[in-house]
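Derivation of every value follows stated rules applied to the coordinates shown; laboratory data play no part. Computed from a prediction, not measured in an experiment: that's the story for all the values here. Every residue, glycine as well, gets a Cβ built from its backbone with ideal geometry; the counts of neighbours run over all protein chains shown.
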Amino acid sequence: MTKRADYISWDEYFMGVALLSGKRSKDPSTQVGACIVNQQNKIVGVGYNGLPIGISDDEFPWDKEGDFLNTKYPYVCHAELNAILNNIGINLEGCKIYTALFPCNECSKAIIQSGIKEVVYLSDKHAHKESAIASKKMLQTAGIALRKITPRISEVVLSLDEKDV
Ligand SMILES: O=c1[nH]c(=O)n([C@H]2C[C@H](O)[C@@H](COP(=O)(O)O)O2)cc1CO
Ligand SMILES: [Zn+2]
């Protein structure tokens with residue numbers, strides 16, 4: 001027998017884990033996931049956008065508009081920051097972070113400080129926003145590699161039906 005040819009690449013695998021993590025998000029508008037990988041291609045942290053530990057998803061707002069304190073923005077912890085903070089307890093120097101959305105300026109500060117050296121992303125749809133411009137300026141100045149990936153496959157389908165296992 002010859003080996004399978006349609007296995008997923010490392011980039012597709014880690015971006016897939018980032019996207020799967022985003023499925024845990026309670027944000028009704030935007031679900032983001034992130035996955036941190038070390039130099040041996042081992043996953044060392046994952047995260048998604050959500051409220052900090054101990055803060056109820058049901059009591060805090062998910063609104064995008066209105067009085068700032070009644071929106072999600074002051075409370076939600078971004079996927080990238082969560083992945084950094086939730087890491088398995090190692091130094092992230094030299095790691096890569098896979099994230100569906102190009103990181104904002106606040107997450108980029110944490111990425112730089114943590115020692116992560118590469119940001120791999122799928123979408124840069126907020127590139128025109130000042131936060132994204134500031135983010136890119138910081139990451140580039142700090143010498144972090146930025147890599148937008150275009151996967152060969154457009155989707156990964158997972159069945160949880162026992163007959164498919
Ligand atoms: O990189 C990111 N990572 C991340 O986790 N987020 C989260 C924060 C919010 O829950 C949501 C963005 O809010 P909005 O629906 O207004 O686009 O996505 C947003 C960005 C944008 O850069
Ligand atoms: Zn962010």
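What the table below lists for this structure:
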{"item": "Taking the chain and dividing mean pair separation by its residue count, relative contact order in percent (alpha carbons under 8 Å, at least six apart)", "result": "19 percent"}
{"item": "Reach of Lys64 by Cα under 17 Å, taken over lysines that are not fewer than 8 positions away in the same chain", "result": "Lys26, Lys72, Lys129"}
{"item": "Phi-based couplings in Hz for the range 26-39 (Karplus 6.51, -1.76, 1.60; Gly and Pro marked x)", "result": "8, 5, x, 9, 9, 10, 10, x, 9, 9, 9, 10, 8, 6"}
{"item": "Paramagnetic reach from Leu85 in the range 115-146 [backbone N under 20 Å; point 7 Å along Cα→Cβ]", "result": "115-116"}
{"item": "Charge sum, other residues only, whose C-beta stays under 14 Å from Val46's C-beta, Lys/Arg counted +1 and Asp/Glu -1", "result": "+3"}
{"item": "Where chymotrypsin sites (Phe, Trp or Tyr not before Pro) fall in DSSP loop in the range 1-80, at most 16 other Cβ within 10 Å", "result": "Tyr7, Trp62, Tyr75"}
{"item": "Percent antiparallel among DSSP beta bridges (both partners in the range 46-153, rounded to 5)", "result": "10 percent"}
{"item": "Rounded to the nearest 20 debye, dipole of the range 1-60 from Cβ charges on Lys, Arg, Asp, Glu", "result": "360 debye"}
{"item": "Loop sites in the range 117-165: GluC sites (Glu not before Pro), DSSP, at most 15 other Cβ within 10 Å", "result": "Glu155"}
{"item": "Exposure proxy order (Cβ contacts within 10 Å, fewest to most) of Thr71, Thr2", "result": "Thr2, Thr71"}
{"item": "Cβ-based net charge around Asp27, under 13 Å, with every Lys or Arg adding one and every Asp or Glu removing one", "result": "+3"}
{"item": "Amide proton proximity set for Val44, modelled H, under 5 Å, gap of 5+", "result": "Ile36, Val37, Asn38"}
{"item": "Debye, to nearest 20: dipole size of the chain, +1 on Lys, Arg Cβ, -1 on Asp, Glu Cβ", "result": "720 debye"}
{"item": "Label-point separation, Ile55 to Ala142 (7 Å along Cα→Cβ), nm", "result": "2.1 nm"}
{"item": "Positive-end residue, the chain charge dipole about Cα centroid, Cβ charges, pick of Ala79, Val156, Tyr13", "result": "Tyr13"}
{"item": "Cβ-based exposure ranking for Thr30, Thr150, in which fewest neighbours within 10 Å come first", "result": "Thr150, Thr30"}
